[in-house]
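FYI, it's all coordinate maths here, none of it is from the lab. Note that the structure is predicted; figures quoted are calculated from it, not measured. Quick reminder, even Gly has a Cβ in these numbers, built from the backbone with ideal geometry, and neighbours come from all protein chains shown.
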Amino acid sequence: EPEVTQTPSHQVTQMGQEVILRCVPISNHLYFYWYRQILGQKVEFLVSFYNNEISEKSEIFDDQFSVERPDGSNFTLKIRSTKLEDSAMYFCASSGDRGSGANVLTFGAGSRLTVL
Amino acid sequence: KQEVTQIPAALSVPEGENLVLNCSFTDSAIYNLQWFRQDPGKGLTSLLLIQSSQREQTSGRLNASLDKSSGRSTLYIAASQPGDSATYLCAVMNSGTYKYIFGTGTRLKVLA
């Protein structure tokens, strides 16, 4: 069964450092997403990406965050200067064409980010 | 602003029991609603997706219903098993957006 792959599974970094989280979405999917879940809290939407550009982003997704699809397979989330409150589990997800009537998101296992 | 609430927050039942998890949302202009399962330290697994035009979806022992006008969805689990123990999340996608708004989840424990 196709799956979304995320690396690293766990990253520990110092406050102020740059972090890049990587995702390989399902190959024929067109929409890509990042969500995060702070420990004990709700899963929160960060950003959606379609046709090589951001289609929607939340208030959380400020100038410190950026996303990129550098090639045909990877989808990355960069945090330029990490803060303590960025510590969370970050989930990548992908989905097929919304127009087909199906929009089932397939999530990766997540990347746990710990900022010290 | 869409708000999604799930009740109860936690539930513990003996094996074999049928159970209902509830989800409510404040804005009825949704595109679809999806139920997910989350195991500790793991990602989210999609269980059922209901389009806004549908009333229910079934998969095996799971049945999800949607009453868009009243802003409610239920997830029915028949003949629960210990392997069903997990957190169940309800998420709503509003019309005109690409994002899901998640509820806080119901933590289910099925006792053997």
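Tell me the relative contact order for chain B as a rounded percent, counting alpha carbon contacts under 8 Å between residues six or more apart. Provide the component values of the computation, followed by the final result.
Values: 288 pairs, mean separation 41.5, N = 112.
That works out to 37 percent.
Can you sort B:87, A:13 from fewest to most other Cβ atoms within 10 Å of each residue's own Cβ?
Numbers: B:87 19, A:13 16.
Ascending Cβ contact count within 10 Å gives the list A:13, B:87.
Apply the a/c threshold of 1.5 to the C-alpha gyration tensor of chain A and tell me whether it is rounded, prolate or oblate.
Working: a/c = 1.74, a/b = 1.68, b/c = 1.04.
In terms of gyration-tensor shape, prolate.
Taking 2.2 N^0.38 Å as the expected size of a compact globular protein, what ratio does the Cα radius of gyration of region B:71-112 give against it, to two decimals?
Values: Rg = 13.3 Å, N = 42, 2.2 N^0.38 = 9.1 Å.
In units of the 2.2 N^0.38 Å rule of thumb, it is 1.46.
What's the magnitude of the charge dipole for chain B around its Cα centre, counting Lys and Arg as +1 and Asp and Glu as -1 at the beta-carbon? Answer in Debye, nearest 20. The partial results should precede the final answer.
Numbers: 10 positive and 8 negative charges, 43 e Å.
For this selection, approximately 200 debye.
Taking the DSSP beta bridges in the protein assembly as shown as the whole, what percent of them are antiparallel, to the nearest 5? Let's see the in-between values first.
Working: 76 of 85 bridges.
Percentage antiparallel, nearest 5: 90.
Sorted from fewest to most neighbouring beta carbons within 10 Å, what does the list A:71, B:84 look like?
Details: A:71 7, B:84 18.
The order, fewest Cβ neighbours first, is A:71, B:84.
Could you give the nm distance between label points at residue B:56 and residue A:80, where each point is 7 Å from its Cα heading toward the beta carbon?
Label-label distance for residue B:56 and residue A:80, simple model: 5.2 nm.
For the protein assembly as shown, what is the convex hull volume of its Cα atoms per residue in Å³? Don't skip to the end; give the middle numbers.
Numbers: hull volume 28.3 nm³, N = 228.
Per residue, the Cα convex hull of the protein assembly as shown comes to 124 Å³.
Starting from the Cα of residue A:59, step 7 Å along the direction of its Cβ; do the same at residue A:116; then give the gap between the two resulting points in nm.
Result: 3.3 nm between the two label points.
Whole Å is fine, so just give me how far the alpha carbon centre of region B:97-112 lies from that of region A:47-83.
25 Å
Quick check for you: which residues of region B:51-82 have the amide N under 13 Å from the point 7 Å beyond the Cα of residue B:22 toward its beta carbon?
Only B:71-75 fall inside the zone, counting backbone N under 13 Å.
Could you tell me which of rounded, prolate or oblate describes region A:1-53, using a ≥ b ≥ c as the square roots of the eigenvalues of the alpha-carbon gyration tensor, with rounded for a/c under 1.5 and, failing that, prolate when a/b is larger than b/c and oblate otherwise?
Details: a/c = 1.68, a/b = 1.56, b/c = 1.08.
The shape class here is prolate.
In percent, what relative contact order does chain A have, based on Cα pairs under 8 Å that are 6 or more apart in sequence? Don't skip to the answer; put the middle values down first.
On the way: 277 pairs, mean separation 43.9, N = 116.
Relative contact order here is 38 percent.
Please go through the residue pairs B:42/B:68; A:57/B:109; B:68/B:109; B:1/B:42; A:78/B:99; A:78/B:42 and name each one whose alpha carbons sit more than 26 Å apart in this structure. All intermediate terms of the calculation are to be shown ahead of the outcome.
On the way: B:42/B:68 30 Å; A:57/B:109 35 Å; B:68/B:109 28 Å; B:1/B:42 29 Å; A:78/B:99 19 Å; A:78/B:42 22 Å.
Pairs exceeding the cut-off: B:42/B:68; A:57/B:109; B:68/B:109; B:1/B:42.
Taking the alpha-carbon set of region A:43-86, what are its Rg and Dmax in Å?
Radius of gyration, then largest Cα-Cα span, for region A:43-86: 11.1, 32 Å.
What ranking do B:61, A:36 get, fewest neighbouring Cβ atoms within 10 angstrom at the top? Before the final figure, lay out the partial values.
Details: B:61 13, A:36 24.
Exposure proxy ranking, most exposed first: B:61, A:36.
Give me Rg over Rh for chain B, both radii from the alpha carbons and Rh done the Kirkwood way, two decimal places. If you can, show how the numbers build up before the last one.
Values: Rg = 13.4 Å, Rh = 14.0 Å.
Reported Rg/Rh (Cα atoms, Kirkwood Rh): 0.96.
Please report the antiparallel percentage of DSSP beta bridges with both residues in chain B, rounded to the nearest 5.
Numbers: 41 of 46 bridges.
Roughly 90 percent of the beta bridges in chain B run antiparallel, per DSSP.
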